[in-house]
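Note sheet for the following structure.
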Amino acid sequence: MIDLESIGKTYTRQTGESVRALDDVSLRIERGEFVAIVGASGSGKSTLMNVLGLLDEPTEGRYRFDAEDVSNLSLAARAGFRNARIGFVFQSFHLLARTSALENVELPLLYSDRADIAGLGERALAAVGLADRMQHTPAELSGGQQQRVAIARALVNEPDLLLADEPTGNLDAAVAAEIMSILQSLNRAGRTIVLVTHDPAMASAARRLVRLAHGRVVSDGPIASGDITLAPTVLEAR
């Protein structure tokens with residue numbers, strides 16, 4: 001589904017200094033994979049996530065998504081592509097404080113060209129175990145529940161790809177494990193997931209590990225099933 005070919009990204013600071021954030025990155029991700037991208041601070045993993053999510057353009061190289069070259073789309077075309085095909089989950093929940101969980105989840109639908117959006121918000125919240133919290137505001141939800149709302153919002157347009165950037169960074173270990181087990185469940189249901197994290201325990205939830213250093217891929221391989229030690233998903237226990 002994703003094919004990166006010799007991707008490079010160079011930023012120019014206000015001082016005029018050039019920073020090479022990605023250097024000759026080639027990576028293929030098949031539909032239905034769960035890939036963790038890890039690396040030290042400054043390794044390029046956030047920049048790679050931005051390129052994958054069409055939040056940033058590569059300086060060089062080619063990015064194909066389902067065989068379509070999306071390397072240099074216009075701003076409007078990138079926005080439309082993101083809304084229809086990619087869901088995002090971030091470390092900060094980015095929920096609107098005065099609106100309900102359901103209203104937060106339904107926000108992306110305002111920009112959708114789908115003919116029928118009835119019930120999509122409810123379905124997304126049910127998928128993350130929050131069918132009984134739809135009318136609660138963020139202040140009435142725990143941190144873990146707020147992140148589940150954020151995941152539901154990312155899923156509401158039924159995207160092909162889910163990008164999760166440090167989704168458990170603001171959560172304690174027990175709640176983080178719950179969130180990661182939800183991502184595992186979504187992956188087992190067929191969702192393609194790319195996770196960026198600095199936490200080896202969280203990375204172990206994935207099935208494949210890509211390690212970056214100095215903007216380059218230095219290792220790429222499967223994670224043995226025995227390495228995945230997180231508890232069974234709460235969704236399977238319901």
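Structure above, values below:
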quantity: Residue list for region 59-96, restricted to those being in contact (Cβ under 8 Å) with a residue 24 or more places away in the chain and part of a strand (DSSP E or B); calculated: E60, G61, R62, Y63, R64, F65, I86, G87, F88, V89, F90
quantity: Residue match in region 143-159 (condition: modelled with pLDDT of 90 or more, over 19 Å from N104 (Cα atoms) and surrounded by fewer than 24 Cβ atoms within 10 Å (Cβ to Cβ)); calculated: no
quantity: Flag for H136 being assigned to a loop (DSSP other than H, G, I, E, B) and modelled with pLDDT of 95 or more; calculated: yes
quantity: Of all residues in region 2-20 being hydrophobic (A, V, I, L, M, F, W, C) and at pLDDT 95 or above, the one that is farthest from the chain's Cα centre (by Cα); calculated: I7
quantity: Among residues of region 16-58, those that are outside any helix (DSSP H, G or I) and touching a Pro at 6+ places or on another chain (Cβ under 8 Å), counted; calculated: 2
quantity: Filter result for S43 (crowded, with 20+ Cβ neighbours inside 10 Å and within 13 Å of V217 (Cβ to Cβ)); calculated: yes
quantity: Hits in region 50-79 (condition: in contact with a Phe, Trp or Tyr (Cβ under 9 Å, 6 or more places away or on another chain) and among the aliphatic types (A, V, I, L, M)); calculated: V51, L52, L54, L55, V70, L73, A79
quantity: In region 168-203, residue surrounded by the fewest Cβ atoms within 10 Å (Cβ to Cβ) [restricted to those that are assigned to a loop (DSSP other than H, G, I, E, B) and at pLDDT below 90]; calculated: D172
quantity: Search result, residues across region 30-54 that are out of contact with any helix residue (DSSP H, G or I) (no Cβ under 6 Å at 6 or more places or on another chain), in contact (Cβ under 8 Å) with a residue 12 or more places away in the chain and within 18 Å of M1 (Cα to Cα); calculated: E30, R31, G32, E33, V35, L48, M49, V51, L52, G53
quantity: Number of the condition not met by D24 [criteria: (1) buried (at least 19 other Cβ atoms within 10 Å of the Cβ); (2) at positive phi; (3) not hydroxyl-bearing (S, T, Y)]; calculated: (1)
quantity: Inter-residue pairs, beta-carbon under 6 Å, first loosely packed, with under 10 Cβ neighbours inside 10 Å and in region 6-20, second outside any strand (DSSP E or B) and not β-branched (V, I, T), 6+ apart; calculated: none
quantity: Output for region 82-97, where each listed residue is surrounded by fewer than 16 Cβ atoms within 10 Å (Cβ to Cβ) and either of a type in the set (D, E) or touching a strand residue (DSSP E or B) at 6+ places or on another chain (Cβ under 8 Å) (or both); calculated: none
quantity: E30 being surrounded by fewer than 18 Cβ atoms within 10 Å (Cβ to Cβ), farther than 14 Å from A164 by Cα and at pLDDT 95 or above; calculated: yes
quantity: Count of residues meeting criterion [of a type outside the set (S, T, Y) and either closer than 18 Å to D66 by Cβ or more than 13 Å from the chain's Cα centre (by Cα) (or both)] in region 35-52; calculated: 8
quantity: Filter result (touching a Leu at 6+ places or on another chain (Cβ under 9 Å), free of Cβ contacts under 8 Å to residues at least 60 places away in the same chain and not charged (D, E, K, R)) within region 136-155; calculated: H136, T137, P138, L141, G143, G144, Q145, Q146, Q147, V149, A152
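The values are calculated or read from the model by the stated rules, or taken from the named source; none is laboratory data. Everything quoted here is computed from the prediction, not taken from an experiment. In this analysis, Cβ positions are derived from the backbone assuming ideal geometry, glycine residues included, and neighbour counts consider all displayed protein chains.
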